[in-house]
Amino acid sequence: MCVTVRCSNRSGPLSGSRGRNRSAYTGNAGDWQKPARRGFETRERVVPVILKICEVGNPVLRKVARSLSSDEIRSKDTQSLIGYMRDTMRDAPGVGLAAPQIGESLQIAVIEDKAEYHKTLTPEQLHERQRVPVDFHVIINPQIELFAPADLSFYEGCLSIPRLMAMVARSPSVRVACLDEHGEQRVIEATGWYARILQHEIDHLQGRLYTDVMQPETLTTIENHQKQTSVSNQSSQQKEL
Ligand SMILES: [Zn+2]
């Protein structure tokens, strides 16, 4: 998911500001190999490859992505793609990125919620979101099961829907059966914000966006949301005074 990181101080990790120095990636299938030939690795250091993120309105975001075989997962092309997705997610920054978001209709998503993304959240906000750091990992061909009703609402954003955010109700507890980047079976049991990230990213693999399930009256720009939050904080301070 692209849960917002820079605005995640208020919303969480599914979207983020746009990265800099993006490559000339066009978002068309197959084009992601091109940056590798231009110097993904040099003798001196590994150079991040930043792909263009497809935005809402691009049909690839509405397709049900296809699953991969274990042999495909272990192929050089898929391993390169996973590396580029990791670089692109970190550059955005975001806490998740699904392959359709970079123009590949494949059942792959990368996830990472770094502790440094939490610095602007208060302990109370972290607690209510049940948000804890999550190490980088890859989910492929995921099957998700909700362990609780989808009735916990927080603001979400998405790297494919820039500048906007809205309240989305998600289940606080899920189990995901999937393959990892080595083609090995994994079962993930997640709660809180991590469960939200998984639901958001797996929705992408099914051609769904958070706007399909948001509370529509809460849709706002990140800028306006921050203004509202600021006014709300001032009012609360005035009450305390
Ligand atoms: Zn997203």
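The values are calculated or read from the model by the stated rules, or taken from the named source; none is laboratory data. Predicted model, so just to flag it, every value in this text is computed and none were measured. With ideal geometry, Cβ positions are generated from the backbone for all residues, glycine too; neighbour counts draw on all protein chains shown.
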Of the residues in region 132-156, those that are farther than 26 Å from R66 by Cβ and in contact with a Leu (Cβ under 7 Å, 6 or more places away or on another chain) number 0
Within region 146-169, take every residue that is small (G, A, S) and within 11 Å of the ligand (Cβ to nearest atom) and give me the one that is surrounded by the fewest Cβ atoms within 10 Å (Cβ to Cβ). S160
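Output the residues belonging to region 113-126 that are over 14 Å from the mean Cα position of the chain (by Cα) and surrounded by 16 or more Cβ atoms within 10 Å (Cβ to Cβ). If you could, list the steps in order and put the result at the bottom.
Of region 113-126, the ones over 14 Å from the mean Cα position of the chain (by Cα) are 115-116, 118-126.
Residues satisfying the conditions are H118, L121, Q125.
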Is there any pair with a first residue in region 204-215 that is closer than 13 Å to C158 by Cα and a second that is in a loop (DSSP other than H, G, I, E, B) and of a type in the set (A, V, I, L, M, F, W, C) whose Cβ atoms are under 7 Å apart and which are 6 or more apart or on different chains, and what are they? L209/V56
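In region 87-103, what residues are assigned to a helix (DSSP H, G or I) and either within 13 Å of the ligand (Cβ to nearest atom) or under 14 Å from G157 (Cα atoms) (or both)?
Of all residues in region 87-103, those assigned to a helix (DSSP H, G or I) come to 87-91, 99-102.
T88, M89, A99, P100, Q101, I102 - these are the residues of region 87-103 that are assigned to a helix (DSSP H, G or I) and either within 13 Å of the ligand (Cβ to nearest atom) or under 14 Å from G157 (Cα atoms) (or both).
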Could you look through region 209-228, keep only residues that are assigned to a strand (DSSP E or B) and surrounded by 14 or more Cβ atoms within 10 Å (Cβ to Cβ), and pick out the one that is nearest to the ligand (Cβ to nearest atom)? M214
Of A148, A166, which residue is out of contact with any His (no Cβ under 7 Å at 6 or more places or on another chain) and more than 21 Å from L61 (Cβ to Cβ)? A148
Would you mind stating whether L121 is hydrophobic (A, V, I, L, M, F, W, C), away from the ligand (no atom under 16 Å from the Cβ) and under 27 Å from E217 (Cβ atoms)? yes
Could you give every pair whose Cβ atoms fall below 7 Å, whose first residue belongs to region 91-106 and is closer than 13 Å to K52 by Cα and touching a residue at least 24 places away in the same chain (Cβ under 8 Å), and whose second residue is charged (D, E, K, R) and near the ligand (Cβ under 9 Å from one of its atoms), counting only separations of at least 6 or pairs across chains? A98/E201
F136 versus (1) free of Cβ contacts under 8 Å to residues at least 40 places away in the same chain; (2) assigned to a strand (DSSP E or B): which is the lone unmet condition? (1)
Looking at L106, is it at pLDDT below 95 and either within 16 Å of the ligand (Cβ to nearest atom) or more than 17 Å from the chain's Cα centre (by Cα) (or both)? no
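Could you check, for region 106-114, whether at least one of its residues is among the basic types (K, R) and either touching a strand residue (DSSP E or B) at 6+ places or on another chain (Cβ under 6 Å) or outside any loop (DSSP other than H, G, I, E, B) (or both)? Outline the logic, then answer.
Quick first cut of region 106-114, residues among the basic types (K, R) only: 114.
Keeping just the survivors that are either touching a strand residue (DSSP E or B) at 6+ places or on another chain (Cβ under 6 Å) or outside any loop (DSSP other than H, G, I, E, B) (or both) gives none.
Checking region 106-114: not a single residue is among the basic types (K, R) and either touching a strand residue (DSSP E or B) at 6+ places or on another chain (Cβ under 6 Å) or outside any loop (DSSP other than H, G, I, E, B) (or both).
Listed here are the residues, each with its yes/no results for (1) at pLDDT 95 or above; (2) more than 16 Å from the ligand (Cβ to nearest atom); (3) surrounded by 15 or more Cβ atoms within 10 Å (Cβ to Cβ).
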{"position": "E128", "(1), (2), (3)": "yes, yes, no"}
{"position": "N141", "(1), (2), (3)": "yes, yes, yes"}
{"position": "I144", "(1), (2), (3)": "yes, no, yes"}
{"position": "V174", "(1), (2), (3)": "yes, yes, yes"}
{"position": "A177", "(1), (2), (3)": "yes, yes, no"}
{"position": "R186", "(1), (2), (3)": "yes, yes, yes"}
{"position": "A190", "(1), (2), (3)": "yes, yes, yes"}
{"position": "I197", "(1), (2), (3)": "yes, no, yes"}
{"position": "G207", "(1), (2), (3)": "yes, no, yes"}
